[in-house]
Each structure stands twice: as C-alpha cells, then as structure tokens.
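A quick write-up on the structure given underneath.
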Amino acid sequence: MIKKKEFYRNLTRLALPIALQSLMLASVAAGDALMLGKVAQDEMTAVSLATQIQFVQNMFLSAATAAGAILGAQYWGKGDRRTLEDVFNIMLRVCGGISVIFFLACELVPEQLMHIFTHDAPLIAVGGSYLRIAGWSYLITGISQCYLTTMKVSEHVKPGALISSCAVLLNICLNAVFIFGLLGAPRMQAKGAALATTISRIVELVLCISVSLQSSHVRPALDRMWKLPKQLRSDFIRQCLPLMGGSLCWGVGFTSYTAIMGHMGTDAAAANSVAAVVRDLICCMCNGIGSAAGIMVGNELGAGRLEMGKAYGIKLKNISFVIGFLSTALVLAVTPLVVRMVILTDQARGYLMGMMVIMSIYMIGRCVNTVTINGVLDGGGDTLFDMYSLIVCMWLIAIPLALVGAFVLHWSPLAVYACTCLDEVGKIPWVMARFRKYKWVQDLTR
C-alpha cells in the first residue's frame, strides 16, 4: 500500500528539520553545561537544576501544542484552513496563561523553587539569580511555540526549524559573551547564561511573527480570539487533558529523578547533569521522527484515508526500533569523549561513565516509545494511553524504587540512576500490545 519513495521523502522532509530544531534546542543546554563547566562545577550544577523549572513549564506547553498539532494536522489534511486558525487561537490562549504563571513564580519565589532540587546553599543562590533573569524568557516561550507548532503542521517545517536554529545559535554565541565576559561584556557566569537565553527568545518570537505575515502561512485570527467554536474547544480539551496528564506525569517524574540525584551529593548531581545533556542531544532524531509520525499519520487520517494512515503507523513503529539500537551504539561511542570534555571530580567522572552505559540501554525504550506513543498513537487521537503507562511504569515502579534505593537502602548513585531508567524499557511490551489494538486509527475532524 505504501509508496516507499513518497513515504521516505515525506518522512525526511518533516523529520530532519524537526530533528535539527530539537538538536539546536538541546545544544543550548549542552553549551550552558560545557561553558559553565569551564567556570566551576557548582555553577554548572546550579543552572542544570534551575532549568528543571523550564522543563516543567515545557510539559504544560507541549501538551497544549501537541493537542493543537493533533487537531491541526488532521484539519490541514482535510484542507480546512479556517479551523486551523481557530486551533492556533486556542493554543495561544492556553500557552499564554501557562507562561505568565511560570514567569511570576521565577520572579517572586526563585529560591523556594531551587529548594525543591537541592539543600545546598551555594547552589540555591546561583540558581535563584539565574531564574530571576531567565523567567522573562519563560514568558515569551509559550507564544513562539504556538507559531512553530502551526508552521510544522501546515507544511512550513523548514522556516520553523530555521527560526529555532537561528535563535539557538544566537543563544550559544551570547552564552560565550556573557558567561566569560567577551567583547567587553561583563563576566556574568550563570546570570550570563540566563540573559543570553532571554535575548534569543525575544529574537525567536520576532522572527516567528515576521515570517507568519506571508500569505501562505497560517496566522492567529485575532478577530475571533474570544469567539471560538464551542465544539472545537471541546475537541481541544478532550485531546489536551490526557496529554497534559501524561506530560505532567512524565515531566514531574523526570524532575523527581533530578531532585533525587541532586540530594545524593554534588558529584552525583554533576554527573547526572552531564548525562542529561547527552541524552537530550542523542534523542533529537527520535524526537524528529516522532513529530513527523504524528503529522504524517494525522494528515492521512484527517483526509479519510484510514488504511493508509494505519500502514504509515506500522512502518513508523518498525523504524523506531532501528533508531533505538542506533542510539544505543552512539551513546557508547561518545562516552569516552564526553567524560574527558568537562571538568569533574574523579568520583563524578566515575559516576558519569557508569550512567552513560546505563543510558545506552535506556535509549532503546526512549526511541520506541517516543515514535510509537507520542507520534503514531497521538496522531490518531489515542492520547490516554501515555498517561496510563506513565502512572504505572514511572510513578508506581521507577520513582518508588529510586526513592527507596536512595533514602532507605542507601544504594550507590549508579544503582539509583538505573532505577530512573526502568520505566521506558519496561513498558515496551505494553506499548506494542496497545499499538496492535489500532484504536488510534480514527478521523477526528468534523
């Protein structure tokens, strides 16, 4: 049924720009870690912990934009531009409200937020000063993500990826300027990383708005911002709530992992910070294929071609296993280089080596689940399963094991880290069973 050349051409056209966009975003965290790692271990660790606040914010934003992408891809496949504009409006309202809440928290109670992740006073002081500046970027991020999501589902993936890439490159350059005090700028260290992020986010939003003024792009219908179809709002909520639940389960769970490792000492926290950067960089390709899978499956289902959408989903699920094993090999290949690149204590370096080996196994589950759940299942509107699987595998198994191992049985940091990687690998059989029920093969348009 599948025309292979057309399939792979579409997959490449969508996945590569999205993967590049994901890579560029992950490069910011990598740049922060490498540059601050050259300044001091505490500076690097504090910023890594502080950025968990943005990570949680992104969980809310990703749920809202994912719901918009699911509906948007199907309505775009159907050829209904007006409804896609209304979906854009809904995303702006939801993401704007989320961004304001996180901005106020970072400005008013940054030290209290840092207490969630560490009791170390120097780390709290550095992280609090970072959040006060970076909070302004959190206010802007929600709006720009709505524009970038709409570009992805309306066949403007390349401009969106180019905008993100330009913003990230600017961020990395400004990081060097403000962290080290280059070109006559003050040497701001952690505060410099926050200022660089804020400036780059402002530029990203300006570029998004400017590009969307072109006639071929979908823009928010401001005259209908508060007059949206009741049925569409209901459909959006029906998709968004399970995604929000799943995102919160995953985001708060990952933040819990970071908090647990942060309370096991600065060496374990530093090693975990570096490992997290490597994980995010290597996951970029599976993120790109996962996003492309949702768009491709959603376009076919929204156009009423259910059998073709089903065939696409099966093909993409099989590809996810290939990407998983390739990612495992890549993690093992870069481990010696990563361990030598950052300034760590001998104990932290030993922890990092072990974490990278454990992570190599974790990558198989991460890639398979990202493409299958967040791509294929979500593309067809089967959004509840992600939340169920996270509650069981992460919250009832992985997190309790990590907590007991860290604070009751006093296991080594590597054993606790292994517990935090159980959830993705352990749920693969369950994911495959859900996939084969084909509940995700459905047209969501009206």
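The values are calculated or read from the model by the stated rules, or taken from the named source; none is laboratory data. Note that the structure is a prediction, hence the values are computed from the model and not measured. Glycine also receives a Cβ, built like all others from the backbone with ideal geometry; neighbour counts cover every protein chain displayed. These accessible areas exclude ligands, DNA and RNA; they are computed on the full protein's heavy atoms, side chains included. Shrake-Rupley method; radii C 1.70, N 1.55, O 1.52, S 1.80 Å.
Annotations
- FRET efficiency for Met341 and Ser412, using Cβ-Cβ distance with R0 set to 41 Å, rounded to 0.05: 0.95
- Sum of -39500 (n - 2.57) over DSSP H runs of 4+, divided by residues of the chain (222 nm, nearest 500): -27000 deg cm²/dmol
- Under the combined filter of DSSP loop state and at most 14 neighbouring Cβ atoms within 10 Å, the range 284-315 retains none of its trypsin sites (Lys or Arg not before Pro).
- Each of the peptides 183-189, 128-134 was scored by the mean count of other Cβ atoms within 10 Å over its residues; in descending order, highest first, they stand as 128-134, 183-189.
- Rg over Rh for the range 194-244 works out to 1.13, both radii taken from alpha-carbon positions and Rh defined as the Kirkwood radius.
- Karplus-derived HN-Hα couplings along the range 251-258 (A = 6.51, B = -1.76, C = 1.60, θ = phi - 60°), whole Hz, x at Gly and Pro: x, 5, x, 5, 5, 5, 4, 5
- For the chain, modelled as a GNM whose springs connect Cα atoms under 10 angstrom apart, the maximal fluctuation among Val203, Val252, Val408 occurs at Val408.
- Element breakdown for the range 110-262 at a 1.4 angstrom probe: carbon and sulfur atoms account for 69% of the accessible area.
- Peptide packing: for 292-302, 151-161, the average count of neighbouring Cβ atoms within 10 Å per residue gives the ranking 292-302, 151-161, highest mean first.
- In this structure the range 197-243 gives 56 Å² per residue of accessible area when probed at 1.4 Å with all protein chains present.
- Relative to the longest principal axis of the Cα atoms of the chain, the long axis of helix 190-212 makes an angle of roughly 10 degrees.
- With 22 Å as the limit on Cα-Cα distance, the pairs of Lys230/Lys437; Lys152/Lys227; Lys3/Lys315; Lys78/Lys152 that go past it are Lys230/Lys437; Lys152/Lys227.
- Taking 4 °C and 1.567 mPa s as conditions, the range 390-446 diffuses translationally at an estimated 98 µm²/s according to Stokes-Einstein applied to its Kirkwood radius (Cα pairs).
- Cα gyration tensor category, rounded, prolate or oblate, for the range 30-165 with a/c compared to 1.5: prolate
- Pairwise label distance in nanometres, Ala433 with Met225, each label 7 Å out on the Cα-Cβ vector: 4.8
- Other residues lying with their Cβ under 11 Å from the Cβ of Gly380 contribute a combined charge of -2, Lys and Arg counting +1, Asp and Glu -1.
- Angle of helix 4-37 to the longest C-alpha principal axis of the chain, folded into 0 to 90 degrees and rounded to 10: 20°.
- Solvent-accessible surface ranking, highest first, for His217, His115 at 1.4 angstrom: His115, His217
- 0 to 90° range, to nearest 10: angle between helix 157-180 axis and the chain longest Cα axis: 10
- Solvent-accessible heavy-atom area per residue, rounded to whole Å², over the range 258-341 at 1.4 Å: 34
- Candidates Leu396, Leu170, Leu414, ranked by Gaussian network fluctuation over the chain, Cα under 10 Å, top entry: Leu396
- Label-point separation in nm, Leu108 to Arg9, each point 7 Å along Cα→Cβ: 5.5
- Whole-percent carbon and sulfur share, accessible surface of the range 300-446, 1.4 Å: 69
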